[in-house]
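Everything on this sheet refers to the single structure shown next.
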């Protein structure tokens, strides 16, 4: 039985994607890499964040979530900040019909010059965690899409 883990998302099977690993035995996060060279332009007010592909999808237990965090060195060294502060990947995002559950990081670049993230470069961390629901929770909706679809 599979509990939680990472797999290669459809369309990335032949792109030499590395599955995330923890670097030390007490690390909470799995280091996640960029799937292809990606330009993150310097910030201009009103622009959308740049979505950085990982080529990955994640499966997990029913009461779990995958949180996506920025690398601690990214803001200072590269000027990269996450547009949503913390990414949330729900269990039902895995294998969705829109994008197979492809995980992406949404970055803004606050430096004065464009930044290129190279394929294979670590861009963030994924941390699996349990979550709780309220006594009166009765969520019964079914996911019908991929990235950003729960509010539609």
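The numbers here are math on the coordinates, done by the rules we state, and not lab data. Fair warning: this is a prediction, and the values are worked out from it, not measured in the lab. In this analysis, Cβ positions are derived from the backbone assuming ideal geometry, glycine residues included, and neighbour counts consider all displayed protein chains.
Values as computed for the structure displayed
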{"read-out": "Distance in nm between pseudo-label sites at residue 10 and residue 136 (7 Å out along the Cβ direction from Cα)", "value": "4.0"}
{"read-out": "DSSP bridge orientation in the chain - percent antiparallel, rounded to nearest 5", "value": "95"}
{"read-out": "Between region 115-144 and region 1-48, the alpha-carbon center distance in angstrom", "value": "13"}
{"read-out": "Kirkwood-based Rg to Rh ratio, region 1-44, C-alpha trace", "value": "1.07"}
{"read-out": "Order by protection proxy (mean Cβ within 10 Å, highest first), peptides 93-103, 115-125", "value": "93-103, 115-125"}
{"read-out": "Relative exposure of 54, 144, 134, judged by other C-beta atoms within 10 Å (fewest first)", "value": "134, 144, 54"}
{"read-out": "Computed E for residue 83/residue 28 - FRET, C-beta separation, R0 25 angstrom, nearest 0.05", "value": "0.65"}
